[in-house]
There are 2 protein chains.
Amino acid sequence: MPKSPHSSQAFPRPFTTVDVVIFTVIDDQLHVLLVKRPTGEAEPYPGMWALPGGYVDIERDKDLEACALHKLQEKTGVKSPYLEQLGSWGSASRDPRGWTATHVYFAILPHAAIKPDPDSHATEIGWFPVKGDGIGRKLAFDHTAILETAITRLRSKAEYTSLPAYLLTETFTLSELQHVFAVVLGRPVDKSGFRTRVLSAGLVEEADGVKTGASRPAQLYRLKSPKNLTFFPRTFNPRKE
Amino acid sequence: MPKSPHSSQAFPRPFTTVDVVIFTVIDDQLHVLLVKRPTGEAEPYPGMWALPGGYVDIERDKDLEACALHKLQEKTGVKSPYLEQLGSWGSASRDPRGWTATHVYFAILPHAAIKPDPDSHATEIGWFPVKGDGIGRKLAFDHTAILETAITRLRSKAEYTSLPAYLLTETFTLSELQHVFAVVLGRPVDKSGFRTRVLSAGLVEEADGVKTGASRPAQLYRLKSPKNLTFFPRTFNPRKE
DNA sequence: TTGACATAGTTGCACATAACAACTTAGTAA
DNA sequence: TTACTAAGTTGTTATGTGCAACTATGTCAA
């Protein structure tokens, strides 16, 4: 916290920004949203893809999370996704314009919910499939490393929390839930074990109705506590490598 | 990241600070280091206890972690402790002097290693025992909440990583290791289970020598990879509550 | 109407590991 | 030499997961 004898205004401050890593599942694959950097003269990393974000507006944003939510809504139209702080990155070298610190959030949401704000199509946006620990492309600033951290965090939390459930709409079948876990984890998940763990962890409760298709109808479920993550007591790992 | 048409200097920036939550074990109890706020006229929260920290100095600090290390060394004299980013807190209201964002780190270190820098005794410092999820005292700024988050994170990581090992000096006995785990977790830890887990996780390796006392001498061990946390495959929980 | 198909959902066994408790070992000190 | 203390080991039990085979219940085409 601020030291005493300084007049707070006295010395130069870093720039403060917020970036958001936005994940969704499209066509059975994890995707992340990126925006194209402008190509102006004084712009750093012109034309490169970057995480959506920008300066904190101390007039508009009452706190960091509000700022992240604003940026998220701008790009996706979604107002209340799962949003969690990922960390912060700050250094003299990460932006050629000077010392900056960025506060990074990550959000995950169902693809069906996305409707980008038509007013804010100034910048080009794109969804990129996640392969391995990145997207196989160098991003602007230190965003390659930030994205890698986000992917690691997402995968890691999928091992022991209900996180991937936020990739689905309000009601879903257990098979759909199992499927998004498998997509995020990047490996198959055993049906029987998954069901018993999910049910005994109290992660979901039955919803009215079933989902019909070309086979046996499936019971619909919803998250029991949609506001918070639910934790599993143990992880599910394949027995042999 | 910075948006395009703005000249970066154009609009007002938040203050940027770094705070550090420093944990150690003294007398079989977890303690946290706090500093007393100055009592000047224009000072916020005069005389209250707060986490050590201060403004980022963009001349001196090449990045956020360097800034945190500097503040840590100032208060404890320790140069390379276990240091991890906890998160960031930023809002218009957390400091009466204006919009600030703080990047918070947490460090844990052996009590024996602490020798506060004699040059920087300007501010009064104190070690406070952690009881439950705090220290039973209201802190300056939003530091009460930040400390609570740090304690939760520390406890949580003690369930499945080698984190508490950094409370000990380089070599230690398995009983000492078990003891710091029990102190951090706030509950007894089974001896036999602890030993097999620690050894099979490859957390430690034998060091030369034994620790003698009034009973059977104990083998000394050291961390196998002191630079990184080691993860346990599972948690250790008591069977019945 | 019926039988093939597909996916939902269940059951049962094998195996690994953790919790618990009782035990043995190896030193000190009176 | 014996009591004491803490280190370190062993064995038993309970639990839960991985795996695989099985049953249930719908659609759809012949």
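The values are calculated or read from the model by the stated rules, or taken from the named source; none is laboratory data. Just so we're clear, the structure is a prediction, and the values are computed from it rather than from any experiment. Positions of Cβ are generated from backbone atoms using ideal geometry, with glycine treated the same way; all protein chains shown enter the neighbour counts. When the accessible area is computed, the model is the full protein with side chains, heavy atoms only, and any ligands, DNA or RNA have been set aside. Shrake-Rupley method; radii C 1.70, N 1.55, O 1.52, S 1.80 Å.
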Worksheet item: With Rg and the Kirkwood Rh both taken from Cα atoms, where does Rg over Rh land for the protein assembly as shown?
Response: 0.99
Worksheet item: Roughly what angle does helix A:64-76 make with the longest principal axis of chain A, taking Cα atoms, 0 to 90 degrees, to the nearest 10?
Response: 70 degrees
Worksheet item: Taking H as built 1.01 Å from N, whose amide H comes closer than 5 Å to the amide H of B:Val204, not counting residues under 5 places away?
Response: B:Lys224
Worksheet item: Within straight cross-link reach of A:Lys131, meaning Cα distance under 19 Å, which lysines are found once same-chain residues fewer than 8 apart are removed?
Response: A:Lys157
Item to complete: Would you pull out the residues with amide H under 5 Å of A:Leu30's amide H, same chain only if 5 or more places away, H placed 1.01 Å from N?
Response: A:Val130
Discussion item. List the lysines whose Cα sits under 21 Å from the Cα of B:Lys79, skipping any in the same chain fewer than 8 residues away.
Written reply: B:Lys62, B:Lys71, B:Lys115, B:Lys224, B:Lys227
Worksheet item: So what are the ³J(HN,Hα) numbers for the range B:164-177, from phi and the Karplus equation (6.51, -1.76, 1.60; θ = phi - 60°), rounded to whole Hz, Gly and Pro as x?
Response: x, 4, 6, 7, 10, 6, 3, 10, 6, 8, 5, 5, 4, 4
Worksheet item: Among the GluC sites (Glu not before Pro) within the range A:35-87, which fall in a DSSP loop and have no more than 14 other Cβ atoms within 10 Å of their own Cβ?
Response: A:Glu41, A:Glu59
Practice prompt. Identify which of B:Phe11, B:Phe23, B:Phe194 has the largest mean-square fluctuation in a Gaussian network model of chain B, with springs joining Cα atoms closer than 10 Å.
Written response: B:Phe11
Worksheet, complete the sentence: Most fluctuating of B:Val130, B:Val189, B:Val210 in the GNM of chain B (C-alpha, under 10 Å) is B:Val210
Item to complete: With θ set to phi - 60°, apply the Karplus curve 6.51 cos²θ - 1.76 cosθ + 1.60 along the range A:90-105 and write out the HN-Hα couplings as whole Hz, x wherever there is a Gly or Pro.
Response: x, 6, 6, 9, 6, 9, x, 7, x, 4, 10, 10, 10, 9, 9, 10
Worksheet entry | B:Arg187 - accessible surface, heavy atoms, 1.4 Å probe, Å² rounded to 10 | 60 Å²
Item to complete: Return the sequence-ordered ³J(HN,Hα) values of the range B:214-221 in whole Hz as given by the Karplus equation 6.51 cos²θ - 1.76 cosθ + 1.60 applied to θ = phi - 60°, using x for Gly and Pro.
Response: 7, 9, 4, x, 10, 4, 8, 10
Fill in: Relative frequency of Cα-Cα separations exceeding 18 Å in the range A:15-159, percent
55 percent
Worksheet entry | Summed buried accessible surface, chains A and B, 1.4 Å probe, nearest 100 Å² | 4200 Å²
Discussion item. As I understand it, the value is the acute angle between the Cα axis of helix B:143-160 and the longest principal axis of the Cα atoms of chain B; what does it come to in degrees, rounded to 10?
Written reply: 30 degrees
Worksheet item: In debye to the nearest 20, how big a dipole does the protein assembly as shown give about its Cα centre with +1 on each Lys and Arg Cβ and -1 on each Asp and Glu Cβ?
Response: 1380 debye
Worksheet entry | Tilt relative to chain B, helix B:191-200 - C-alpha long axis, 0 to 90 degrees, to 10 | 70 degrees
Practice prompt. Quick one: which residues, 5 or more positions from B:Ile108 or on another chain, have an amide H under 5 Å from its amide H? H modelled 1.01 Å from N in the peptide plane, none for Pro or chain starts.
Written response: B:Phe23, B:Tyr82
Worksheet entry | Peptide-level mean, for A:78-91, of C-beta atoms on other protein chains within 10 Å | 4
